[in-house]
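Engineer: Structure in structure tokens, see below.
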Amino acid sequence: MSRLSKTFAVIVLVLALAYYWLLVNAGPSGTPARTIDLSQLRTLAEKVPGKRPTALEYALVTSRSAPGAALAAGTGLRHVQTAAVVWRIKAPGGDIVVDSAMLPPDAKAMGFTAYDPKARRMVDTWMDKAALILFTHEHIDHVGGFLDHPRFRAIADKAVLSPDLLRGMTALWRDNARFLPAPRPLAPLQAIAPGVVLVQTPGHTPASQMIYVRLQNGREYLFAGDTASLAANFDLPTPRSRLLSDWMVEEDRPAVIGWLKGINALKARYSALVVIPSHDPEWLKGRAAADGFSRATP
């Protein structure tokens, strides 16, 4: 073999190893599953007096395509749609908004190529009228629309913030951050409204939390936040790629894997539980009718 051939072979091997490590490897292997106790969530969902929520609807504010392997390691380079999604939990005692997407400048900076201004205005109105505003974590694509809301002073106190969420939002250097409400200590499982429980799941970020919702009709949902960007993350299970989790948005990878294994085990035991990924518009479109939620019309 010539020296040039050997050099080429070494380059190919290095590239193959880099591809495997950054976009395929779902490790570390042997990470134990983290327990999510559905029976305890059901009990806590009844702790706050009042009628449980009646329905869920979502809005797609901005979207783009991305290699599937970036968001779910080992799933290949075929591009998938990803979106910033906002949810409204309709409830007799006052609606609850989950996450807030972001404004166009941040969307453009993050590579999002489509933006729906009508959906943005609709989400702003949701926050105007909501009783509570919740967040799955503190990244700009989840909290930016809240922090940059045109009537921020009128809605700020509706936000339920843990100390870690407050620190994360403050670190974004938005002027409105100085008007954020004081944080509240939250238990690992915290009932926050009738039928709604916060589940502390640090890993993707220190403030990451999932949100359990039980409707009046008995349907149950778990908002996974960015612990699971795509449904593939908990179905396989596989985390986001190392390219994202180790290099671009550093996270506690073993913790995330543990939570994904926990969700996978939970779904295997309770097949009717609907786990909602954070950035998977194609899954939302395909599952809405069967899983009892809907896309809102601006």
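Engineer: Would it be correct to say that A272 is of a type in the set (A, V, I, L, M), free of Cβ contacts under 8 Å to residues at least 24 places away in the same chain and open to solvent by 50 Å² or more (accessible area, probe 1.4 Å)? Quick ask: steps written out before the conclusion?
Structural biologist: On the way: of a type in the set (A, V, I, L, M): yes; free of Cβ contacts under 8 Å to residues at least 24 places away in the same chain: no; open to solvent by 50 Å² or more (accessible area, probe 1.4 Å): yes.
The answer is no for A272.
Engineer: Looking at (1) surrounded by fewer than 23 Cβ atoms within 10 Å (Cβ to Cβ); (2) under 30 Å from G292 (Cα atoms), can you tell me which one L134 breaks?
Structural biologist: (1)
Engineer: Of the residues V143, V213, V197, which single one is among the β-branched types (V, I, T), part of a helix (DSSP H, G or I) and in contact (Cβ under 8 Å) with a residue 40 or more places away in the chain? It would help to see each step written out before you state the result.
Structural biologist: Working: V213 fails: part of a helix (DSSP H, G or I); V197 fails: part of a helix (DSSP H, G or I).
It is V143.
Engineer: In region 72-118, which residue that is in a helix (DSSP H, G or I) and open to solvent by 20 Å² or more (accessible area, probe 1.4 Å) is farthest from E250 (Cα to Cα)?
Structural biologist: As a first pass, look at region 72-118 and keep what is in a helix (DSSP H, G or I): 104-109, 117-118.
After this cut, where a residue has to be open to solvent by 20 Å² or more (accessible area, probe 1.4 Å) as well, the list is 104-106, 108-109, 117-118.
On the way: P104: 24, P105: 23, D106: 19, K108: 21, A109: 18, P117: 30, K118: 33 Å.
Out of the qualifying residues, it is K118.
Engineer: If you take the residues in region 146-163 that are assigned to a helix (DSSP H, G or I) and charged (D, E, K, R), which one is surrounded by the most Cβ atoms within 10 Å (Cβ to Cβ)? Please lay out each step first, then the result.
Structural biologist: Filtering region 146-163 down to residues assigned to a helix (DSSP H, G or I) leaves 146-147, 152-158, 163.
This time we only want the ones that are charged (D, E, K, R), so: 153, 157-158.
On the way: R153: 9, D157: 11, K158: 19.
Among those that are assigned to a helix (DSSP H, G or I) and charged (D, E, K, R), it is K158.
Engineer: Report every pair of residues separated by at least 6 positions or lying on different chains whose Cβ atoms are under 6 Å apart, first residue within region 231-243 and closer than 11 Å to K261 by Cβ, second in a helix (DSSP H, G or I) and open to solvent by 20 Å² or more (accessible area, probe 1.4 Å).
Structural biologist: Every condition considered, the pairs that remain are F234/N264; P237/K261; P237/N264.
Engineer: Inside region 54-71, can you point out the residues that are in contact with a Ser or Thr (Cβ under 6 Å, 6 or more places away or on another chain) and either open to solvent by less than 30 Å² (accessible area, probe 1.4 Å) or free of Cβ contacts under 8 Å to residues at least 24 places away in the same chain (or both)?
Structural biologist: Of the residues in region 54-71, the ones in contact with a Ser or Thr (Cβ under 6 Å, 6 or more places away or on another chain) are 57, 64, 66, 68-71.
E57, A66, G68, A69, A70, L71, listed by residue number.
Engineer: List the number of the failed condition for R287; all other conditions in (1) in a loop (DSSP other than H, G, I, E, B); (2) among the basic types (K, R); (3) open to solvent by 30 Å² or more (accessible area, probe 1.4 Å) hold.
Structural biologist: Here R287 meets the rest and fails (1).
The values are calculated or read from the model by the stated rules, or taken from the named source; none is laboratory data. On a predicted model such as this, the values are computed, not experimentally measured, just so you know. Cβ coordinates were reconstructed from backbone atoms using ideal geometry, including for glycine residues, and neighbour counts include every protein chain displayed. Areas reflect the complete protein model, heavy atoms only, side chains present, ligands, DNA and RNA absent. Shrake-Rupley method; radii C 1.70, N 1.55, O 1.52, S 1.80 Å.
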